[in-house]
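The values are calculated or read from the model by the stated rules, or taken from the named source; none is laboratory data. Here the structure is a predicted model, which is why all the values come from computation and not from measurement. Cβ sites come from the backbone with ideal geometry, for glycine too, and all protein chains shown count toward neighbours. Just so you know, the surface numbers come from the protein's heavy atoms only, side chains and all, with ligands and any DNA or RNA stripped out. Shrake-Rupley method; radii C 1.70, N 1.55, O 1.52, S 1.80 Å.
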Amino acid sequence: MSDAAIPPEAVSLKTQPTSSFPIVRLWPGVVIIIALWAVRIWGGIGEGSPGKFFFAYVIAPLIATVGLLLWWLLLSRVRWSDRGLIVGAYIALAAIAVAVCGQDFPMMALILYALPVVGSVWVGWLILSLGMAWPLRRTWLLTSLALAFGAFMLLRVDGMDGAFAATFNWRWTPTPEQKLLAELSKAPAPAPVEPLAAEAIELQPGDWPGFRGANRDGRLAGVTIATDWTKSPPKELWRRRVGPAWSSLAVIGPRLYTQEQRGDDELVICYDTDTGDEIWSHAEKTRFTEVVAGPGPRGTPTFHAGNIYAQGANGALLCLDAATGAVKWSQDIAKDSAAKIPQWGFSGSPLVAHGLVTTFAGGPEGKAVLAYDAETGKLVWTAGDGTLSYGSTQESTLGGVDQILMTTDAGLTSLEPESGTLLWVHKWPTEGVARIVQPAVLNDTDILIGTGMGVGTRMIHVTQAGDEWPIEEVWTSKQFKPYFNDFVVVGDQIYGFDGPIFLCFDLAEQKIRWRARGYGNGQVLLLADQNLLLVLTETGEVALVEAQPKKHVELGRIPALTGKTWNHPVIAYGRLFVRNGEEMACFELPTTTESVTEETP
């Protein structure tokens, strides 16, 4: 029988020319996509570490993308012109996405989110279109890739939470910062405010002079509040929009100090504690931003002897008059230390002690910590090793000797405050993990070092023997791994965050007493006279929790802020001050006349 006698409908698909209906070899692409998402899921399970996260969310998408391109070029079995067409279109679309997205969806975010999605669309469409004629299948494959990349060109990444879950918004919607700038541009110029007398801005009982309080331990004594928030909840006194920053607050009498980003200006700002009105601001022409935390400074202003000391995310260290905001001096810690700006910006809060301002820079060759004359800004000494830390220098007394403590990726270093002479060092390297939380000095000899990303917490025992400082490792536990959320100590118990879990950890037995969810990656403040924990959750709620080891007891909770909240809360003069990267609010705390009997858990 001749070929002409065979009905067209009887022709098998196998006999059709491969140029018009190629059989794509799909299994390599399917394996690559399944492996990519399996690694992503693995990256979000169990103990975290920078290396694990980086591999799962950055390296794996890049490897998978290269694998998909090689699969298509070498193993797909389509004709070479179609291989080149699809690969060329993919590369062109990726380049267009990078150019169009800009800072709204930076390249790192495109790697984290766009590459896995676009790759999945690529392979997914080829599976769904099995049996479709190749010309139409090819056309819709190109369309699908364009739509997938195009979707990300319409979005903006507004940072990530503590679990690295991103917040997306349409790129044409204004950010909270843009809304603030628009409001400020339309608002009438504020009436000039008469500067307060110098004696009105002196440190008094009840003030909160800087990061985590006077001792940088998140502990507040001499204050009692009513705990039945159903009957007597905190009363909101004022609320206002603020620029992005992860700074906390310093409260000195009638003045409140914090830091913000407004466009290209990084500001130190003074507000009235009674009204929330802006009194003065000082701007530096600089802006820092990154994809996880977003824009803005990270440090908290420090008040000392009529001055405000503040450090910006790009390294500007300022001394300002607390009454007027006038600049007394400024320095650049990145320049003075030859340090690179860290991945998440300079985050330390300046410490003023012994007439010097100390801060962490992370420079090489003994320039980890810098000390400046508090009055003149002159660089006095540099000392210490370690290049990674988002913590702050801390004044402590051990063995009756004043010293400056600093935690870094190298361990815990102790420096003599006036000269920077190395007193002792406890080496505990973390191989790329930056320490963030403050060291907790328990007594004259014992210190806790907390480290996140799976590293754990260690207690060391420090004594003095002549010129030597013998150091003993008492214990190390991976059950409690505080990352960027500081903890408080009550008796033999730690109360703090292990990732999104708020828990009580027993120091004597090194075991967890209880765990609680529902707080995210928040921050905690201790009301010592009542053994109460005030927790500011990652979503902006304020909760009151008992500091007792038997069980988790939450006494009350109120909504306080909207949006991601990583800033430390502050209590001063019976008022609670809270802020995040969008807004700031002040609440009057309910008082109690009941006598308080302090119990040690």
TODO: May I ask for the angle, rounded to the nearest 10°, between helix 115-128 and the longest principal axis of the chain, with both axes built from Cα atoms and the value confined to 0 to 90°?
DONE: 30
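How much accessible area per residue does the stretch 459-578 have, counting only protein heavy atoms and a probe of 1.4 Å, in square angstrom?
That works out to 36 Å² per residue.
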- [ ] Give me the distance in nm between label points sitting 7 Å out from Cα along the Cα-to-Cβ direction at residue 230 and residue 117, one decimal.
- [x] 4.4
TODO: For the stretch 344-434, report the accessible area per residue in Å² (1.4 Å probe, heavy atoms, rounded to an integer).
DONE: 34
Task: Residues residue 130 and residue 343, FRET efficiency given R0 of 35 Å [Cβ-Cβ distance, rounded to 0.05] - done: 0.20
Task: Scaled radius of gyration (Cα, divided by 2.2 N^0.38 Å) that the chain gives - done: 1.14
- [ ] Let me have the relative contact order for the stretch 484-601, percent, based on Cα pairs under 8 Å that are six or more residues apart.
- [x] 18
Task: Calculated P(r) of the stretch 256-343 - Cα pairs past 17 Å, % - done: 48
Task: Overall dimensions of the stretch 438-592 by Cα: Rg and Dmax, Å - done: 16.6, 54
Open item on the list: Can you give the Rg/Rh ratio of the stretch 375-482, where Rg is from the C-alpha atoms and Rh is the Kirkwood radius?
Closed with: 0.97
- [ ] Give the peptides 254-266, 182-194, 374-386 in descending order of average Cβ contacts within 10 Å, highest first.
- [x] 254-266, 374-386, 182-194
- [ ] Pairs to check: 52/481; 367/427; 285/335; 52/564. Give those whose C-alpha atoms are more than 22 Å from each other in this structure.
- [x] 52/564
Task: Förster-model FRET efficiency, 60 Å R0, residue 516 and residue 272, C-beta, rounded to 0.05 - done: 0.95
Task: Calculated FRET value between residue 139 and residue 40, using beta carbons and R₀ = 30 Å, to 0.05 - done: 0.50
TODO: Using only Cα positions of the stretch 178-270, each an equal point scatterer, no hydration layer, compute I(q)/I(0) via Debye at q = 0.17 Å⁻¹ and quote the log10 values to two decimals.
DONE: -1.06
Open item on the list: Can you give me the C-alpha center-to-center distance between the stretch 430-448 and the stretch 73-148, rounded to a whole angstrom?
Closed with: 48
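How much of the pair distance distribution for the stretch 309-438 lies past 25 Å, counting alpha-carbon pairs only, in percent? The partial results should precede the final answer.
Values: 1506 of 8385 pairs.
Distances greater than 25 Å cover 18 percent of the Cα pairs.
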Task: Rounded tilt (10° steps) of 176-186 against the dominant C-alpha axis of the chain - done: 70
Task: Percent carbon-and-sulfur accessible area, the chain, ignoring ligands, DNA and RNA, probe 1.4 Å - done: 58
Open item on the list: For the full complex of protein chains and a 1.4 angstrom probe, list 113, 495 by accessible area with the highest value first.
Closed with: 113, 495
Task: Rounded tilt (10° steps) of 80-101 against the dominant C-alpha axis of the chain - done: 30
